[in-house]
Amino acid sequence: MAGPALSHLRDRVGTDDGGISLVFVGSSSGYMLGSFLGGRFLDRGLGHQVWAGCMAMSIVVIVVISQMRDLAPLVAIFVVLGVVCGVGDVSGNTLVVWSRPESPGAALNALHLFFAIGALSAPLLTNRAIAWTDSLWPVAVPLAALTVFCGYVLLTTPAPKKTRAAKHNQDGVATTAAVRRGQLAIVALFFFVYVALEVGFANWIHSYVEQIHYGGANTATGVTVIFWVGFSVGRVVSIWLAGRFTAGWMLVGSMSLALLASSVLVVVNGGNIALWIVTFLFGASIAPQFASMIAYAEAHFALSGAATSAFVGAAGLGGLVMPWTLGQLFDAHGPGVLPPVTLVACLVTIAVGLWVRHIVHVSEVQRPPATSMNAPVT
């Protein structure tokens, strides 16, 4: 929501691109905090209650954001929004993995498809809310209806529990914990650079289109939507592919296509029909990476709520660094920086992905066995 609303929020509080980019810093800071807190709640068996509470709180926060007219309180309330989103993301990813310990790939990609549908809906809802009321509060109306439904389902359904435990030797000492911590740190680094790539592009493509004077606000919204359409299509296809290819091969294909698309974006770098096409392709190509890396990690680690918190927290840090950095670069060098920065971020994502693969295969940590679990939730 923040990206498509950026110009509206900037004008409302009277600041520039560099100033309004602080809302990304605020939301990502809160997101990291929420990510690290969320795993602790899940490990205590409070998954569904926490998830439902986050949904309800996010509705209240969106209404409050729509009333802000000063930058400092706006950034502060984005911190709160980041916290509830961080806890919510950890809840979704962890509970889905716990509900299907042997093959979470398809379910994770389905979950992330709905993340994409939400992101696709955001620019449309934001655009119409601003056009009709010059405010963001109407965005909360359809989300409130979904929250009532989802909250009822969550609060009347038992949450799944952790389904894997680390291996121990005969003395009860964990034999793979130290190695696993190192691996988790490197996987977390992947989520940092991947989300930096995704969120940086998604949050600034609207402003990029506006500032290169390619049409008006509706054109910018259209290009933003086409990115999320591609992203959603990529996640629909990835559900089907996850049943036919391993998570590792999913990552190889996705990163290769993303590299191609970002390279073409650098060549295009301007407003024409090619921008729409390459934006769609870029969205589709990066879509499977988050869920596929979680599935890849689940193939080698015992993913507790705290472990997933580390992944999502690193993702939040990436979502903090890149949007703020792009805001400063837009102010200093103009909108033309977006395509080359996207390409560089894509190359770094590939490099870290290769590092993850190397560490996993060299260490050869055996996957812990499945233990008891609740019935799968849908």
Please specify each residue of region 110-129 satisfying the condition of being more than 18 Å from Ala220 (Cα to Cα) and buried (at least 17 other Cβ atoms within 10 Å of the Cβ).
Ala110, Leu111, His112, Leu113, Phe115, Ala116
Assuming Gly30 fulfils every condition listed in (1) outside any loop (DSSP other than H, G, I, E, B); (2) more than 16 Å from the chain's Cα centre (by Cα); (3) touching a residue at least 24 places away in the same chain (Cβ under 8 Å) apart from one, which condition is it?
(2)
Could you list all residues from region 49-62 that are among the aliphatic types (A, V, I, L, M) and open to solvent by 60 Å² or more (accessible area, probe 1.4 Å)?
Met57, Val60
Yes/no for Met1 being open to solvent by 10 Å² or more (accessible area, probe 1.4 Å), among the hydrophobic types (A, V, I, L, M, F, W, C) and assigned to a loop (DSSP other than H, G, I, E, B):
yes
Matching residues in region 5-27 - criterion: being open to solvent by 30 Å² or more (accessible area, probe 1.4 Å) and under 19 Å from Gly334 (Cβ atoms)
Arg10, Thr15, Asp16
Residue tally, condition out of contact with any helix residue (DSSP H, G or I) (no Cβ under 6 Å at 6 or more places or on another chain) and more than 17 Å from His112 (Cβ to Cβ), over region 220-245
2
Counting only residues that are within 17 Å of Leu120 (Cβ to Cβ), give me the helices (runs of 4 or more DSSP H) lying completely in region 203-289 with at least 1 of them.
217-242, 273-286
Checking the structure you have, find out if any residue of region 263-283 is within 17 Å of Ile350 (Cα to Cα), touching a Gly at 6+ places or on another chain (Cβ under 8 Å) and surrounded by 22 or more Cβ atoms within 10 Å (Cβ to Cβ).
yes
When you check His206 against the structure, is it of a type outside the set (Ser, Thr, Tyr), modelled with pLDDT under 90 and surrounded by fewer than 14 Cβ atoms within 10 Å (Cβ to Cβ), yes or no?
no
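The values are calculated or read from the model by the stated rules, or taken from the named source; none is laboratory data. Everything numeric here is computed off the predicted structure, so don't read it as measured data. Note that each Cβ is placed from the backbone with ideal geometry, even for glycine, and that neighbours are counted across all protein chains shown. Heavy atoms of the whole protein, side chains included, go into the accessibility calculation; ligands, DNA and RNA do not. Shrake-Rupley method; radii C 1.70, N 1.55, O 1.52, S 1.80 Å.
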